[in-house]
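This report refers to the structure that appears directly beneath it.
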Amino acid sequence: MRILVTGGAGFIGSAVVRLAVSRGYDVVNLDALTYAACLENLASIEDQPNYSFEKVDLRQRNAIDEAVEKHKPDAIMHLAAESHVDRSIDGPEDFIDTNIKGTYNILEAARSYWERIGRPDGFRFHHISTDEVFGSLPMDKSVKFTEETPYDPRSPYSASKAASDHLVRAWNATYGLPVVLSNCSNNYGPYHFPEKLIPVTILNALAGKPLPIYGDGSNIRDWLYVEDHADALIEVMKNGQVGRSYNIGGNNEASNLDLVNALCAILDELHPKSIGNYADQITFVADRPGHDARYAIDATRIQDELGWEPTVTLEEGLHKTVRWYLDNETWWRPLQQREGVGKRLGTKV
Ligand code: NAD
């Protein structure tokens with residue numbers, strides 16, 4: 001089976017590519033290599049005969065058509081996106097162009113290819129999306145996002161992802177394109193780009209810098225270990241029901257403040273400071289405008305229908321992640337020089 005993965009040089013896409021290549025799929029990685037991309041994420045598999053890379057920008061339809069025609073995939077897993085909420089506040093246009101128009105372009109390229117090859121039922125277009133499309137939950141832990149929760153995106157990022165989800169469903173209803181969708185919670189783990197909360201916390205801690213907490217740190221996220229997510233995505237691509245969406249979560253809710261404190265405690269254990277604790281570096285900063293209070297996933301559907309469950313607890317995943325950053329400075333150090341990394345973004349009101 002040949003899978004074309006978009007965004008395979010990013011954080012989650014590279015985990016999907018590494019896993020799929022190791023499982024023997026033919027994998028073609030289509031990526032524009034934006035500031036968030038890192039081909040080093042693929043060093044462990046780049047020489048494998050069942051892996052290839054095409055530098056393609058989803059904003060250019062012709063280039064997508066050429067790559068699809070050249071590689072003739074059985075499935076497309078669409079992960080490429082602008083993904084950082086703070087950047088979407090400062091510059092929403094890239095999010096509209098890539099997440100909406102780019103999704104439209106790859107959908108149209110997929111449709112035209114699928115029609116040309118005789119509309120096979122077995123073809124799949126898997127769109128990877130976020131739980132942020134559902135908006136913000138109350139703190140009451142009995143309420144979670146299901147696949148039926150109405151869309152209520154509140155940031156330019158989540159609005160652009162919501163729009164892309166609607167396009168994908170419309171291409172199924174209108175043209176019959178065999179699509180599946182998944183909406184996941186916050187991912188973390190190795191190769192996480194150093195502008196997101198967990199790597200920023202680890203790397204600032206090691207550098208003796210302040211550990212910024214937006215607002216009062218009470219915002220809750222449901223944390224999903226990236227390698228668990230990659231496994232779930234391959235399951236949805238292979239066995240998900242056409243036209244259906246699956247919520248994927250880690251069953252690991254934590255407030256941002258509790259999460260940062262947990263990371264500090266792990267660093268105290270694995271890499272103790274000479275004086276004091278890492279938590280002493282915690283600093284409260286101005287909140288993100290429109291900061292969603294809580295996300296939490298009800299993952300009953302993927303568990304009941306596909307038998308999939310996360311395997312990594314938050315404690316175990318955070319340990320593995322901290323250990324990975326301690327051991328991989330040559331990966332993260334150069335990325336800290338990229339544009340915008342290390343700066344406070346997304347404070348516009
Ligand atoms: P990322 O920012 O790490 O990687 C995105 C990749 O897409 C990069 O390699 C980038 O070069 C590529 N890309 C961006 N614009 C492109 C374009 N115009 N053409 C081709 N390639 C382009 O993102 P991620 O965190 O790995 O997220 C992957 C997907 O998962 C996204 O669709 C995101 O919305 C979704 N998601 C992520 C999370 C999370 O916690 N990271 C949570 C829920 C959903």
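The values are calculated or read from the model by the stated rules, or taken from the named source; none is laboratory data. Because the structure is a prediction, the values reported are computed rather than measured. Neighbour counts run over all protein chains shown; Cβ positions are idealised from the backbone, glycine included. Accessible surface areas use protein heavy atoms only, side chains included; no ligands, DNA or RNA. Shrake-Rupley method; radii C 1.70, N 1.55, O 1.52, S 1.80 Å.
Tabulated data
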item: DSSP loop GluC sites (Glu not before Pro) with at most 11 other Cβ within 10 Å excluded, longest remaining stretch of the chain; result: 149-338
item: Cα-based convex hull volume of the chain per residue, rounded to whole Å³; result: 126 Å³
item: Kirkwood hydrodynamic radius over Cα pairs of the range 132-265, then Stokes diffusion coefficient at 25 °C and 0.890 mPa s, in µm²/s; result: 147 µm²/s
item: Ellipticity estimate at 222 nm from DSSP helix runs (n ≥ 4, -39,500 (n - 2.57)) divided over the chain, nearest 500; result: -12000 deg cm²/dmol
item: Cα-centre dipole for the chain with unit charges at Cβ (Lys and Arg positive, Asp and Glu negative), debye to 20; result: 560 debye
item: Selection from A299, L267, Q281, by position along the positive dipole direction of the range 240-307 (Cβ); result: A299
item: Only Lys, Arg (+1) and Asp, Glu (-1) charged, at Cβ; the range 97-235 dipole about Cα centre in debye; result: 320 debye
item: Counting all C-alpha pairs of the range 250-304, share separated by more than 13 Å (%); result: 71 percent
item: Space enclosed by the convex hull of the alpha-carbon atoms of the range 1-149, per residue, Å³; result: 142 Å³
item: Antiparallel content of DSSP bridges confined to the chain, in %, to 5; result: 10 percent
item: Cross-link pairs beyond the 21 Å C-alpha cut-off, checked among K144/K348; K273/K320; K196/K273; K320/K343; result: K144/K348; K196/K273; K320/K343
item: Lys/Arg +1, Asp/Glu -1 at C-beta; the range 1-66 dipole; positive extreme among L33, T6, N62; result: T6
item: For the range 76-178, radius of gyration divided by Kirkwood radius, i.e. Rg to Rh on alpha-carbons; result: 1.03
item: Isotropically averaged projected area of the range 143-208, using the convex hull of Cα atoms (one quarter of hull area), nm²; result: 6.9 nm²
item: Value of D in µm² per second that Stokes-Einstein yields for the range 188-252, Kirkwood Rh from Cα pairs, at 25 °C (0.890 mPa s); result: 172 µm²/s
item: Computed over the range 190-308, the ratio Rg/Rh where both radii use C-alpha atoms and Rh is Kirkwood; result: 1.06
item: Sequence of D86, D140, D298 from largest to smallest accessible area, 1.4 Å probe; result: D140, D298, D86
item: Rounded to the nearest 10 Å², the accessible area of I3 at probe 1.4 Å; result: 0 Å²
item: Leading residue at positive end of dipole, the range 109-195 (Cβ point charges), from L137, A109, S155; result: A109
item: The range 127-176, Rg to Rh (Cα coordinates; Rh as Kirkwood inverse mean 1/r); result: 1.04
item: Sorted largest first, extent of the range 99-138 alpha carbons per principal axis (Å); result: 47, 22, 9
item: Lys, Arg +1 and Asp, Glu -1 on Cβ, resulting dipole of the range 1-137 about Cα centre, debye, nearest 20; result: 540 debye
item: Average silhouette area of the range 263-349, convex hull of alpha-carbon atoms, in square nanometres; result: 9.2 nm²
